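The structure appears right after this line, and notes come after that.
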Amino acid sequence: MKTLLIYPEFPDTFWSFKHALRFIGKKASSPPLGLLTIAAMLPPEWPKRLVDMNVEPLCDEVIAWADLVMISAMVVQRSSTREVIQRCKAAGKRVVAGGPLFSAEWSKFPEVDHLVLGEGEITLPRFLDDLERSEPQPIYQAHEYADLKTTPVPLWSLAKVNAYDSLSIQYSRGCPYHCEFCNVTALFGHRPRTKNAQQIIAELDAMYYGAGWRRNIFFVDDNFIGNRRHVKEEILPALINWRQGKKGCSFITEASINLADDPELMSMMREAGFVSIFVGIETPEESSLMESHKSQNMRRDLLENVRRLQRFGLQVMGGFIVGFDNDPPTIFQRQIEFIQRSGIVTAMVGMLQAPYGTPLYERLAAEGRLLDGMSGDNTDGNTNIIPRMGLKTLREGYQRILREIYSPRGFYERIKNFLDHYEPPQIRSPIRKEEVGAFFKAVWKLGIMGEERREFWALLIRTLLKYPQKFVHAVTLAVYGFHFRQVARASERSTTGG
């Protein structure tokens, strides 16, 4: 059965890095790992094609080729997903859909022939068995969690890997914490389930040797250190050994802030090749952390924790939220000050949202404080909650944060602050042609034509004089800033109607 796997288009968001990727000639940040994994679970004799609409258009000829269309999407891809479904149904194709969007909103897609929800390791085999008997059901739901030891190596041969900035790998699902606003545990539970080291090495080999990959690899776990003992005793030693004699392939992941409490773990991650982590810091307001059950962030010096991670060679990307019930009027200025002092250059600031299935959603629904719909983009200046401080106050304060932290002056000051505390790891990575080209594009677009040209040249000169080994980091972060400013301005236009 000829199977077409489609990944709908993302809007321009904070994490799309759309404007930054143009500097290095890449079309998307990362490929659809879920669909590539699903592809590996399909019968090997089925012909398969992948169309990631973030790197190539979906042509009518490709739709016509298929006997079966499989779509996976996140909430933020909702608009593109609807268009894809309409096109495929108009072409008379059988449509199968799964992923976070459909798991949360399956009742809103009655035109889909078969909804395969939850974790694919459980529900996809049921669908395939029924399909073979010509008795496929309209909906398949999982009432248990998958054993990740059964998850196959993604079918990387379907992806146009050179179109991406990074490839992805998943080691675990689930998180031990109980953050009220997070839907990770609603989807995957509180007990982290993991792959073994042999699986991880097999996936890395498929990227390094099979796909010839040498760039970033993103461990997409929602909390890489959720099972800290397994990470330290099995996974990191295997990664350290795998890296021996290899060039490139630095790792990125997500982890909770208490990683900063464990020097041994930080050292092992650095040795294994981890260079950057995303941390949900959320807020410097202790009462708001308590409200949201963000216990792992409470009663600690968050600023010092961030700097400790930076000193261990881990560049911190931070998530921040405003709009908690306990946020005081000063929260917007406090967030600005924390972000600037911490040197978190990639600071994702969002208004509090309540995803379906979270404790926050249930609480606010009971209080009558939910608005219709959620965009799935937590940096677009919109929310589906009625905040205690008032929606107007929240939006104005939120836009003030973005204007200050992503203004050329504020952003470049933050880069300098970061470089003052950051100790970069030693990873052998050859200079690529696209990176040389990106530098000259940055010189032209930022240093000559850009509104930030004064700050740009001041940063480069300062870095060359003080930290020449950090020069590449300085240029890269300056390019990120160009992207973030475009996204921040689009957010302000969407909320003000400008």
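The values are calculated or read from the model by the stated rules, or taken from the named source; none is laboratory data. In this text, all values refer to a predicted model and were calculated from it rather than measured experimentally. Neighbour counts run over all protein chains shown; Cβ positions are idealised from the backbone, glycine included.
So, of the residues in the range 404-449 that are outside the structural domain of V487 (by TED's automatic domain parsing), among the basic types (K, R) and at pLDDT 95 or above, which turns out to be surrounded by the fewest Cβ atoms within 10 Å (Cβ to Cβ)?
Checking each candidate, the answer is R409.
Is the range 465-475 home to any residue that is among the aromatic types (F, W, Y), touching a Ser or Thr at 6+ places or on another chain (Cβ under 6 Å), without any contact (Cβ under 8 Å) to a residue 12 or more places away in the chain and in a helix (DSSP H, G or I)? Even if it seems obvious, please write down each step before you answer.
Residues of the range 465-475 among the aromatic types (F, W, Y): 467, 471.
Cutting the leftovers down to touching a Ser or Thr at 6+ places or on another chain (Cβ under 6 Å) gives us 471.
Retained after the next criterion (residues that are without any contact (Cβ under 8 Å) to a residue 12 or more places away in the chain): 471.
Those left that are additionally in a helix (DSSP H, G or I): 471.
Yes, because at least one residue in the range 465-475 is among the aromatic types (F, W, Y), touching a Ser or Thr at 6+ places or on another chain (Cβ under 6 Å), without any contact (Cβ under 8 Å) to a residue 12 or more places away in the chain and in a helix (DSSP H, G or I).
Going by the structure shown, is Y140 without any contact (Cβ under 8 Å) to a residue 40 or more places away in the chain, over 19 Å from D222 (Cα atoms) and surrounded by 19 or more Cβ atoms within 10 Å (Cβ to Cβ)?
yes
May I ask you to list the residues in the range 156-203 that are over 20 Å from A146 (Cα atoms), of a type in the set (S, T, Y) and in contact with a strand residue (DSSP E or B) (Cβ under 6 Å, 6 or more places away or on another chain)?
Y164, S166
Which residues, taken from the range 143-160, are in contact with a Lys or Arg (Cβ under 9 Å, 6 or more places away or on another chain) and either assigned to a loop (DSSP other than H, G, I, E, B) or crowded, with 17+ Cβ neighbours inside 10 Å (or both)?
Listed by number, the residues that qualify are Y145, A146, D147, L148, T151, L155, L158, K160.
If you go through the range 266-318, how many residues are farther than 25 Å from P329 by Cβ and acidic (D, E)?
The total comes to 2.
L352: more than 18 Å from L477 (Cβ to Cβ) and surrounded by fewer than 21 Cβ atoms within 10 Å (Cβ to Cβ), yes or no?
So L352 fails the test.
Take the conditions touching a Gly at 6+ places or on another chain (Cβ under 6 Å), surrounded by fewer than 18 Cβ atoms within 10 Å (Cβ to Cβ) and touching a residue at least 12 places away in the same chain (Cβ under 8 Å) and apply them to R243. Does it pass?
no
Scan the range 297-320 and give yes if some residue there is modelled with pLDDT of 95 or more, of a type in the set (K, R) and at positive phi, otherwise no.
yes
Taking the condition of being of a type in the set (D, E) and surrounded by fewer than 20 Cβ atoms within 10 Å (Cβ to Cβ), how many residues in the range 323-349 meet it? Give the derivation first.
Pass one, the range 323-349, residues of a type in the set (D, E): 325, 327, 337.
Still in the list and also surrounded by fewer than 20 Cβ atoms within 10 Å (Cβ to Cβ): 325, 337.
The number of residues fulfilling the criteria is 2.
Can you find a residue that is assigned to a helix (DSSP H, G or I), closer than 19 Å to G357 by Cβ and either β-branched (V, I, T) or not assigned by TED's automatic domain parsing to the domain that holds L35 (or both) anywhere in the range 177-184? Quick ask: steps written out before the conclusion?
If we filter the range 177-184 for residues that are assigned to a helix (DSSP H, G or I), which is where we start, we get 184.
After this cut, where a residue has to be closer than 19 Å to G357 by Cβ as well, the list is 184.
From what's left, either β-branched (V, I, T) or not assigned by TED's automatic domain parsing to the domain that holds L35 (or both): 184.
Yes, the range 177-184 contains at least one residue that is assigned to a helix (DSSP H, G or I), closer than 19 Å to G357 by Cβ and either β-branched (V, I, T) or not assigned by TED's automatic domain parsing to the domain that holds L35 (or both).
Hey, does the range 100-118 have a residue that's of a type in the set (A, V, I, L, M, F, W, C) and surrounded by fewer than 16 Cβ atoms within 10 Å (Cβ to Cβ)?
No, that holds for no residue.
Out of E233, E254, which single residue is out of contact with any Leu (no Cβ under 7 Å at 6 or more places or on another chain), more than 30 Å from I339 (Cβ to Cβ) and either in the same structural domain as L314 (by TED's automatic domain parsing) or not hydrophobic (A, V, I, L, M, F, W, C) (or both)?
Residue meeting the stated conditions: E233.
Taking the range 204-240 as the search range and keeping residues that are of a type in the set (D, E) and in a helix (DSSP H, G or I), which one is surrounded by the most Cβ atoms within 10 Å (Cβ to Cβ)? Talk me through it step by step, then tell me what you get.
Step one: of the range 204-240, the residues of a type in the set (D, E) are 205, 221-222, 233-234.
Still in the list and also in a helix (DSSP H, G or I): 205, 233-234.
Working: D205: 13, E233: 11, E234: 17.
Across the range 204-240, the extreme among qualifying residues is E234.
In the range 192-203, which residues are assigned to a loop (DSSP other than H, G, I, E, B) and touching a residue at least 40 places away in the same chain (Cβ under 8 Å)?
Once the filter is applied, which keeps residues that are assigned to a loop (DSSP other than H, G, I, E, B) and touching a residue at least 40 places away in the same chain (Cβ under 8 Å), the range 192-203 yields K195, N196.
Scan the range 81-102 and report the pairs whose first residue is more than 19 Å from Y140 (Cβ to Cβ) and whose second residue is at pLDDT below 95 and loosely packed, with under 15 Cβ neighbours inside 10 Å, with Cβ atoms within less than 8 Å and a gap of 6+ or a chain change.
Close Cβ pairs (under 8 Å, with a partner that is at pLDDT below 95 and loosely packed, with under 15 Cβ neighbours inside 10 Å) do not exist here.
So which of V275, V279 ends up being within 17 Å of C182 (Cβ to Cβ) and assigned by TED's automatic domain parsing to the domain that holds L394? Write out each step before concluding.
Values: V275 fails: within 17 Å of C182 (Cβ to Cβ).
The match here is V279.
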